[in-house]
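This is the structure I have questions about; it appears just below.
The values are calculated or read from the model by the stated rules, or taken from the named source; none is laboratory data. If you're wondering where the values come from, they're calculated on a predicted model, not measured in any experiment. Here the Cβ is made from the backbone with ideal geometry for all residues, glycine too, and neighbour counts use every protein chain on show. Heavy atoms of the whole protein, side chains included, go into the accessibility calculation; ligands, DNA and RNA do not. Shrake-Rupley method; radii C 1.70, N 1.55, O 1.52, S 1.80 Å.
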Amino acid sequence: MAANNRRMSGKKGAQVGSGGQRRKGLEGKGPTPPAEMRKGHKKNRIAGAQARQALRRPAPRGRGGKGTSEMVVGRNPVVEALREGVPAVTLYVQQFIDNDERVREALQLVADRGGVHLMEAPRPELDRMTNGLNHQGLVLQVPPYEYAHPEDLAAAAYDNGEDPLIVALDGVTDPRNLGAVVRSVSAFGGHGVVVPERRAAGMTAGAWKTSAGTAARTPVARATNLTRALEGYKKAGIVVVGLAADGEHEIGDLEALGGPVAMVVGSEGKGLSRLVGETCDFRVRIPMPGGAESLNAGVAAGIVLYEAARRRG
């Protein structure tokens, strides 16, 4: 009987189920993350060290100087910036992040582009970096923009045997307007955009996105003093044309648009500043039969650039 009991004790009876845990374990956890994202991997350590060094390294200053580093915060903004080709140094990803579709797309875009560091960071560190903004676990570091010098734009045009076609912005503070102007300058064969160093929009991630990639091939110069930069253009044989609602000439009547020209666009509300307006050789207006009082900088620049390109064509 004892032998029978021993034999019976080796048989399996009813077992408590695993609740599907074993089956879920066999399903896998998705694609293996890149080496830069795997904690303890050599590439992860190298990427981290390089990213920290880039944050500490002072930026060398060129003739036009450099802007400041910028952080793009949040899953949708980060993905959109990467889609539009906004320059990036590092993508910071929160540890133990919920791996949704946007996170996967961001990682894939970075992998496809190459040259962007991947850094995993705890949430408190991302909170500190973004001053408590709702980063949703993704933060993209955009490098400082390297501005040209205003003289470089004219020199590049003359070197190519072309009449300079330059747009200067006076008091335009919306980066999206700057991006739109950069896009129009590229579309109509212009040679660049000049912005003042202070109280003006700069080449931020928003400007890059609005430019739809054209900022990669259309230089933006930064002037310490816009009036002085325009006077320098006049000495170089470039006609300075200001856009003004009460301008003495209509754009269709100004023959000077067919030659070397730097057109100045003011803000939608205030227009051209007094000193800049006095520096212009001509002030032109855009006829608007519909009765609108003004156009935003991006639209106004596009119209005048088209007229200049038509005359050159």
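Straight-line reach from Lys270: which aspartates and glutamates have a Cα under 19 Å away, not including same-chain ones fewer than 8 places off?
Asp170, Asp174, Glu197, Asp246, Glu248, Glu278, Glu293
Expressed as a whole percentage, what fraction of the accessible surface of segment 244-313 belongs to carbon and sulfur atoms when a 1.4 Å probe is rolled over the protein heavy atoms?
About 50 percent, which is the carbon plus sulfur part of the accessible surface.
Turning to a different aspect of this structure: What is the spin-label model distance, in nm, from Lys234 to Asp127 if the labels are put 7 Å beyond Cα along the C-beta direction?
For Lys234 paired with Asp127, the spin-label model returns 5.7 nm.
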